[in-house]
């Protein structure tokens, strides 16, 4: 669990979405999300996966942000953190047929199913610099 919280904190510190998350935590809203570990298929386009995820963001109620890390040691090894406004919105999305279809499409970019770690985001701190990609 400590690894999950460290990863989410690191992601949130770099995020343009940091202010809305901070405001939600300040209001005692229990922000919720997941961290997934996955491997890109050999020959899969990371740019196409990113584009697919960006398009999906527009369709998901309650989503705050998605972050993907490609590991320096192996660019096919990835971690993804997804942040929702709260646990109810996270699970409503997870159980929806629309998310099932999005998930199946996302799997086409991956070697097998991701390893998921769901949980409440209990700490957030905004860094000094805005995220630039």
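The values are calculated or read from the model by the stated rules, or taken from the named source; none is laboratory data. From a predicted model like this one, the values you see are computed outputs, not experimental measurements. Quick reminder, even Gly has a Cβ in these numbers, built from the backbone with ideal geometry, and neighbours come from all protein chains shown.
Give just the number: which of (1) surrounded by fewer than 18 Cβ atoms within 10 Å (Cβ to Cβ); (2) modelled with pLDDT of 55 or more does residue 28 not satisfy? Exception for residue 28: condition (2).
Can you confirm whether residue 80 is surrounded by 15 or more Cβ atoms within 10 Å (Cβ to Cβ) and either in contact with a strand residue (DSSP E or B) (Cβ under 7 Å, 6 or more places away or on another chain) or under 17 Å from residue 116 (Cα atoms) (or both)? Yes: the conditions hold for residue 80.
Assessment of region 107-116 against the conditions (under 18 Å from residue 31 (Cβ atoms) and either surrounded by 12 or more Cβ atoms within 10 Å (Cβ to Cβ) or in contact with a strand residue (DSSP E or B) (Cβ under 6 Å, 6 or more places away or on another chain) (or both)) yields at least one matching residue.
Determine whether residue 43 is surrounded by 12 or more Cβ atoms within 10 Å (Cβ to Cβ) and either over 18 Å from residue 115 (Cα atoms) or in contact with a helix residue (DSSP H, G or I) (Cβ under 7 Å, 6 or more places away or on another chain) (or both). Against the criterion (surrounded by 12 or more Cβ atoms within 10 Å (Cβ to Cβ) and either over 18 Å from residue 115 (Cα atoms) or in contact with a helix residue (DSSP H, G or I) (Cβ under 7 Å, 6 or more places away or on another chain) (or both)), residue 43 does not qualify.
Does region 39-48 hold any residues that are under 16 Å from residue 71 (Cα atoms) and within 18 Å of the chain's Cα centre (by Cα), and which are they?
Result: 39, 40, 46, 47.
Candidates in region 65-85 are the residues that are over 15 Å from the mean Cα position of the chain (by Cα) and in a loop (DSSP other than H, G, I, E, B); of these, the one that is nearest to residue 124 (Cα to Cα) is 72. Looking across region 43-64, the residues that are modelled with pLDDT under 90 and outside any helix (DSSP H, G or I) come down to 43, 44, 45, 58, 59. Being at pLDDT 95 or above, part of a helix (DSSP H, G or I) and under 18 Å from residue 67 (Cα atoms) is not true of residue 103. Checking every residue in region 11-24 against the condition of being surrounded by fewer than 18 Cβ atoms within 10 Å (Cβ to Cβ) and modelled with pLDDT of 85 or more gives zero matches.
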